[in-house]
Amino acid sequence: AHEAAMAARSKDNLRSPICCILGHVDTGKTKLLDKIRQSNVQEGEAGGITQQIGATYFPVDAIKTKTAVVNKDGKFEFKVPGLLVIDTPGHESFANLRSRGSSLCNIAILVVDIMHGLEPQTLESMKLLRDRKTPFIVALNKIDRLYGWKKIDNNGFQESLSMQNKAVQNEFKMRLEQTKVAFAEQGFNSELFYENKSMAKYVSLVPTSAHTGEGIPDMLKLIVALTQERMVGSLMYLSEVQATVLEVKQIEGFGMTIDVILSNGILREGDRIVLCGTEGAIKTNIRALLTPAPLKELRLKSAYVHNKEVKAALGVKISAPGLEGAIAGSRLLVVGPDDDESDLEEEVESDLATLFSRVEKSGRGVSVQASTLGSLEALLDFLKTCKIPVANVGIGPVFKRDVMQCSTMLEKAPDYAVMLCFDVKVDKEAQQYADDNGVKIFTADIIYHLFDAFTKHMNELTEKKKEESKLLAVFPCVLNPVAVFNKSGPIVIGVDVAEGQLRIGTPLAVVKNNPTTNMKEIIQIGRVTSIEREHKQIPVCKKGQPSVAIKIEMGGHQPTYGRQLEEKDVLYSLISRASINCLKEFYRKDVSNDEWQLIVKLKPVFDIP
Ligand code: GDP
């Protein structure tokens, strides 16, 4: 057994680490990838770079050539066999490279535009990287845009910087410092890569230009260094199959196919595989393992080469019957000779079930829809940190039945009759149904934007309710009449505010003893429609402030001073259970402690339990 283990660990059995590129839109992720893919003609053909499905493979020899300019003494030692870089940059791919909550992406490059600093998707990417504990470096891209930059194509950064004039160097330093501060604010210590003494403690910042190629040799070398330092040896040996579905695609001549990143192990034609589908686990046999045909063979009939078997790490397209409904982000398991297929089915289904089970027990919350398992997980994580409750969860485009499910919230908790949709399409009929029934659908391809849209929606609802509640809210007060200006139609009197605060719109009442029945009687006088002091309208008069003249009006039967309201009467604001609740919900800040106590005192006056 020991010998077998040793054999498994032999150098031929090494596998390449997987690298993802993340960052905000337009920072240059695609351009950087293009640049490192380009063979460098002057330094000789950096052979062996192969285009795969969803990824590009860089054998170590190609990396050696591309980093030669920053490894002139050849002292830097390469231990990895190569590097597999995922082709579609962005956190969608990163989020889908997942397996049981951990990431199959071994290292990442976070691209930041040196002229723009940290942007919303940079922060989102950082959160993902932190959650998945993925080591990463930062490419501070677009250094050629520093004013006055003089380029030396494909040069190492340090040498290029030393050739710049003072002004350029100063601007660089200033932007570097700003970036470090911004990273610190996000809880990351960072350091310029050649000043970084500990890659475990500090994130390395490597300045690059995807246009001139400067800094790219440093970036590649750094990625390899980080891998070798942070990935324990065992990680890089071939062992049991580990694979993830990155994309599900219809391909002419093949039907539905899945693009898979094989991060460990070997896949063979005919293998029995199990993966997650919208209607439960999908079980099928691999019909074909396809990789892109090399450029020179493209004129042949097919764009793909068929492989009997493929070895990690690589990207491969799998054609197999019954792949309709496969979900991106799903794990792909291979049924081995000793495996019970139903165990594996349960296992992949549990990936989906775990996410679907993360809904509120109360059944009150928003509906969430995302394109893939990975993005759904990221969205749920994010909503959790924002304390937005989720009641329904879905994968794929939004259809009418999803909106119908969300609309059940219109009765339970109307504020949550909202769908937050990440990177998915909304069917026309579904949108129509939502519009007709008052369900809000928000779509975005940046998670933050969904949060912003939802927060804005909630604020608008609160404002609307506050507006509607204005008549219901009654601030507590006790008034003593001090003068009479108009006895009736309407009553206009002078009052002192003895307790609390008097506001326009407050309904007033007096409390009397009915001599015939000898029982307490509450007489409604009307609402205060005007408050004046020295002939000026004021909205509020508080306890202790000088007397005011108030107009009291009531629809229908107008009360008269001298009858319903007499000189010795005390006026109370007419509070109720509903008015108290309304104050609590919308005006808590506007009611002082003394006033809350006044409410407690007034409760028995109006027989409020
Ligand atoms: P992505 O959205 O992050 O993939 O960004 P792209 O790679 O599409 O680049 C966005 C824009 O920035 C394009 O117009 C690129 O030409 C430009 N760009 C990318 N990298 C650099 C760079 O290093 N220097 C300059 N000046 N422009 C760049």
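Tabulated values for the structure
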| quantity | calculated |
| --- | --- |
| Residues located in the stretch 33-62, provided they are at pLDDT below 65 and polar (S, T, N, Q) | Ser39, Asn40, Gln42 |
| Residue selected from the stretch 518-527 under the condition open to solvent by less than 90 Å² (accessible area, probe 1.4 Å) and out of contact with any Pro (no Cβ under 8 Å at 6 or more places or on another chain), by the criterion farthest from Glu595 (Cα to Cα) | Glu521 |
| Set Pro539, Pro507, Pro515: member being surrounded by fewer than 13 Cβ atoms within 10 Å (Cβ to Cβ) and within 18 Å of Val474 (Cβ to Cβ) | Pro539 |
| Selection count, the stretch 257-283, where residues are under 13 Å from Ala326 (Cβ atoms) and buried (at least 17 other Cβ atoms within 10 Å of the Cβ) | 12 |
| Members of the stretch 415-448 that are open to solvent by 70 Å² or more (accessible area, probe 1.4 Å) and in contact (Cβ under 8 Å) with a residue 12 or more places away in the chain | Asp423, Lys425, Glu429, Lys440, Thr443, Asp445 |
| Residue that is modelled with pLDDT of 90 or more, within 38 Å of the chain's Cα centre (by Cα) and not polar (S, T, N, Q), where the choices are Val69, Val85, Val80 | Val85 |
| Selection count where residues are under 27 Å from the mean Cα position of the chain (by Cα) and without any contact (Cβ under 8 Å) to a residue 40 or more places away in the chain, scope the stretch 192-203 | 3 |
| Positions within the stretch 184-227 being part of a loop (DSSP other than H, G, I, E, B) and either within 16 Å of the ligand (Cβ to nearest atom) or in contact with a Pro (Cβ under 6 Å, 6 or more places away or on another chain) (or both), in sequence order | Thr208, Ser209, Ala210, His211, Thr212, Gly213, Glu214, Gly215 |
| Criterion violated by Asn459 - all others in (1) open to solvent by 30 Å² or more (accessible area, probe 1.4 Å); (2) within 27 Å of Ser375 (Cβ to Cβ); (3) touching a Leu at 6+ places or on another chain (Cβ under 6 Å) satisfied | (3) |
| Residue that is touching a strand residue (DSSP E or B) at 6+ places or on another chain (Cβ under 7 Å) and either open to solvent by 70 Å² or more (accessible area, probe 1.4 Å) or under 24 Å from Arg230 (Cα atoms) (or both), where the choices are Lys201, Lys166, Lys173, Lys180 | Lys180 |
| Close pairs (7 angstrom Cβ cut-off, 6 or more residues apart or separate chains): at negative phi in the stretch 470-493, basic (Lys, Arg) and part of a strand (DSSP E or B) anywhere | Phe475/Arg503; Pro490/Lys551; Val492/Lys551 |
| Cβ pairs under 8 Å, 6+ apart, first in the stretch 279-301 and within 26 Å of Tyr57 (Cα to Cα), second modelled with pLDDT under 65 | Ala293/Leu300 |
| Among (1) buried (at least 20 other Cβ atoms within 10 Å of the Cβ); (2) within 16 Å of the ligand (Cβ to nearest atom); (3) at pLDDT below 85 - the single one Ile21 does not satisfy | (3) |
| Check on Lys283, of a type in the set (D, E, K, R) and closer than 24 Å to Phe356 by Cβ | yes |
| Residue in the stretch 143-160 that is touching a strand residue (DSSP E or B) at 6+ places or on another chain (Cβ under 7 Å), part of a helix (DSSP H, G or I) and either open to solvent by 10 Å² or more (accessible area, probe 1.4 Å) or of a type in the set (Val, Ile, Thr) (or both) present | yes |
| Matching residues, the stretch 340-397, being among the acidic types (Asp, Glu) and either under 23 Å from Tyr416 (Cα atoms) or touching a Leu at 6+ places or on another chain (Cβ under 8 Å) (or both) | Glu347, Asp351, Glu360, Glu377, Asp381 |
| Residue count for the stretch 204-231, restricted to those that are surrounded by fewer than 18 Cβ atoms within 10 Å (Cβ to Cβ) and among the hydroxyl-bearing types (Ser, Thr, Tyr) | 0 |
| Number of positions in the stretch 546-569 that are in a loop (DSSP other than H, G, I, E, B) and surrounded by 13 or more Cβ atoms within 10 Å (Cβ to Cβ) | 6 |
| Some residue of the stretch 97-108 being touching a helix residue (DSSP H, G or I) at 6+ places or on another chain (Cβ under 9 Å), crowded, with 18+ Cβ neighbours inside 10 Å and closer than 27 Å to Glu177 by Cβ | yes |
| Looking only at the stretch 186-198, and only at residues there that are modelled with pLDDT under 95 and small (Gly, Ala, Ser), the one that is most open to solvent (accessible area, probe 1.4 Å) | Gly187 |
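The values are calculated or read from the model by the stated rules, or taken from the named source; none is laboratory data. Keep in mind that what you see is a predicted model, and the values were worked out from it rather than measured. Ideal geometry is used to build each Cβ from the backbone, glycine not excepted, and the neighbour counts take in all protein chains shown. Keep in mind that these areas ignore ligands, DNA and RNA; they rest on the heavy atoms of the full protein, side chains included. Shrake-Rupley method; radii C 1.70, N 1.55, O 1.52, S 1.80 Å.
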